[in-house]
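Remarks on the structure that follows.
Read the figures in this text as sums done on the coordinates, not as results from a lab. These figures come from a predicted structure and were not determined experimentally. Here the Cβ positions follow ideal geometry from the backbone for every residue, glycine too, while neighbour counts run over all protein chains shown.
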Amino acid sequence: MAASDTDAVAITLDDRATLIETISQGEKPKDNWRIGTEHEKFTFYKDSLEPVPYEGDRGIERLLQGMEGLLGWKRVEDKGKIIGLVDPVDGGAISLEPGGQFELSGAPLDNLHQTCREVHNHLAQLREVADPLGIGFLGLGVSPKWHREDVPVMPKSRYGIMMNYMPKVGSLGLDMMFRSCTIQVNLDFSSEADMAKKMRVGVALQPIATALFANSPFLDGHKNGYQSMRAAIWQDTDPDRTGMLPFLFEEGFGYEQYVDYVLDVPMYFITRGGAYHDMTGLTFREYLGGKRKDGMPDTVPTLQDWEDHLTTVFPEVRLKRYIEMRGADGGPWRRICALPALWTGLLYHQPSLDAAWDLVKDWTAEERDALRIGVAKDGLRTKFRDTTVQTIAKEVVTIARKGLAARDRLNGAGFDETQYLAALEETVTLGLSPADQLLMRFNNEWGGNINRVFEDFAY
């Protein structure tokens, strides 16, 4: 259902079936399953290595205008300011994160060959517009050099509400907003049972993905002591809307239980007439029950309010009309292809999904939480029972390879999708994450000069 169709649909606490339907409508037969890949990257000026502000002849606004002219996509505005673009044909989108991180939300595609081609085309198109402006792009999990106060704020109204709220619930929420980047993949499910199994496997293995993609060992120009500082930041952002969702592993988990979880998450905002209204301090359940904030418009809850609220919860795996895998740091081009390859191989082939579930089904909630905490600092070297995450990651990547081989999606040259796991197979064989490789360069050939990351790892 399009957002415009839901604006005027009033809802109450009695409309549980309607709320559940907003998720269950995502069910698709296997032949219609698609892959949607999202990736964020930092924008910087090549001459000064400073972050790019929104306004100005060489700003983010000009970059978006250039992409609009090149692509012919429909612009998205907030109070008259261009803040994104939407492909009216295929459904992809370009959007801005709070600190000017540039995001491609890819179209839903049939296979990984198309995904990797989409990424390649996007980066080439971006360079066509950005090079004359002297703008570069960097794929890391956390900005390696800029202090939080140095990062410009993008003119998106929802971010003002979040900026005011974040320090009330965690100490690193603003770092999440302004100094982090991720790669995500969105995948489909066929039924409630299929959704539940994929969610459980996804949550349990999300720390393994974090370790495989760990790529943020620097902050404020120095080593920060973490493999994935981005993952550490999420641990102190907002406990009400983040984490490992232990209720997923309870007997009977399904759409209704997820809806109950989201109902009890505090709200950020509602929109009326294109304006954002601060709703922080109220859960969605309270809002449906008639509770209101002083100064908010005289209005009834709508289905669009619920749809918006679903986008403001940030667990390690998020459920909407599809499943979002959220645990990976931003990274270089082939890592953008590797992230969807990993999860497609695990979740889109039933024997591989079953094998992944067999691997994790006896892990306890305490062990899953310990993994999430441990991999942020120690990555592949994190201890688990009588082994390490590196060993588990080897098995996970092997399972994913079998899944991709079984899909047998070939490109024009006759190669299947397993090629996109090469970066991860190298990682588990050597036991070296992207963060390890960055640190080796920093300690040796870079001579401790953090500026070299902008030269060696820019797109």
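Just need the relative contact order of the chain here, percent rounded to a whole number, with Cα pairs under 8 Å and 6+ apart.
Relative contact order comes out at 21 percent.
Stretched out fully, how many nm does the piece from Asn32 to Trp333 gain, at 0.36 nm a residue minus the Cα gap?
Fully extending the segment from Asn32 to Trp333 adds 105.7 nm.
Find the centroid of the Cα atoms in segment 102-118 and in segment 37-55, then give the distance between the two in whole Å.
Between the Cα centres of segment 102-118 and segment 37-55 lies a distance of 21 Å.
Farthest toward the dipole's positive end in segment 206-304, which of Leu219, Tyr287, Gly252, given Cβ charges of +1 (Lys, Arg) and -1 (Asp, Glu) about the Cα centre?
Checked the options; the winner is Leu219.
Given a Förster radius of 22 Å and the C-beta distance between Tyr45 and Leu71 as r, what FRET efficiency does 1/(1 + (r/R0)^6) yield to the nearest 0.05?
Rounded to the nearest 0.05, the efficiency is 0.45.
Once you place label points 7 Å from the Cα toward the Cβ at Lys383 and Phe415, how far apart are they in nm?
Inter-label distance under the simple model: 4.1 nm.
Could you give the size of the charge dipole of segment 1-126 about its Cα centre, using +1 on the Cβ of each K and R and -1 on the Cβ of each D and E, expressed in debye and rounded to the nearest 20?
So the dipole magnitude of segment 1-126 works out to roughly 340 debye.
What residue among Tyr420, Leu432, Phe442 has its Cα farthest toward the positive end of the dipole of segment 381-451, where the charges are +1 on Lys, Arg and -1 on Asp, Glu, each on the Cβ?
Ranked along the dipole, the leading option is Leu432.
Take each of the peptides 235-244, 106-115, average the number of other beta-carbon atoms within 10 Å over its residues, and list them starting from the highest.
In decreasing order of mean packing, 235-244, 106-115 become 106-115, 235-244.
Please give the calculated 222 nm ellipticity per residue for the chain, where each DSSP H segment of at least 4 residues contributes -39500 (n - 2.57) and the sum is spread over every residue; nearest 500 deg cm²/dmol?
Computed ellipticity for the chain at 222 nm equals -13000 deg cm²/dmol.
Looking only at Cβ-Cβ distances, which cysteines of the chain have no other cysteine closer than 4.7 Å?
If one checks each Cβ against the other cysteines of the chain, Cys181 turn up with nothing under 4.7 Å.
Kindly give Rg over Rh for segment 211-368, based on alpha-carbon atoms, with the Kirkwood expression for the hydrodynamic radius.
1.02
Please tell me which of these pairs span more than 30 angstrom C-alpha to C-alpha: Lys197/Lys291; Lys168/Lys320; Lys156/Lys377; Lys74/Lys402?
Among Lys197/Lys291; Lys168/Lys320; Lys156/Lys377; Lys74/Lys402, the Cα-Cα distance tops 30 Å for Lys197/Lys291; Lys156/Lys377; Lys74/Lys402.
Compute, for segment 170-299, the length of the dipole vector about the Cα centre, with Cβ point charges of +1 (Lys, Arg) and -1 (Asp, Glu) only. Units Debye, rounded to 20.
That gives segment 170-299 a dipole magnitude of about 380 debye.
Under a no-solvent Debye model with one identical scatterer per Cα of segment 1-149, what's log10 I(q)/I(0) at q = 0.09, 0.18 Å⁻¹?
The Debye formula, applied to the Cα set alone, gives -0.38, -1.11.
If you place +1 on the Cβ of every Lys and Arg, -1 on the Cβ of every Asp and Glu, and leave all else neutral, what size is the dipole of the chain about its Cα centre, to the nearest 20 Debye?
Dipole magnitude for the chain comes out near 760 debye.
In the set (1) 4, 15, 20, 20, 16, 11, 7, 5, 2, 0, 0; (2) 4, 21, 32, 29, 13, 2, 0; (3) 4, 19, 28, 26, 15, 6, 1, 0, 0, which value of P(r) over Cα pairs in 10 Å bins from 0, in percent was calculated from the structure you see?
Here P(r) over Cα pairs in 10 Å bins from 0, in percent agrees with entry (2).
Please give the length that would be gained between Arg127 and Ala405 if that part of the chain were fully extended, namely 0.36 nm times their separation in residues minus their C-alpha to C-alpha distance (nm, one decimal).
The Arg127-Ala405 span can extend by a further 96.7 nm.
Can you give me the distance in nm between label points at Lys293 and Ala370, each placed 7 Å from the Cα along the Cα-to-Cβ direction?
Once both label points are built, they end up 4.0 nm from each other.
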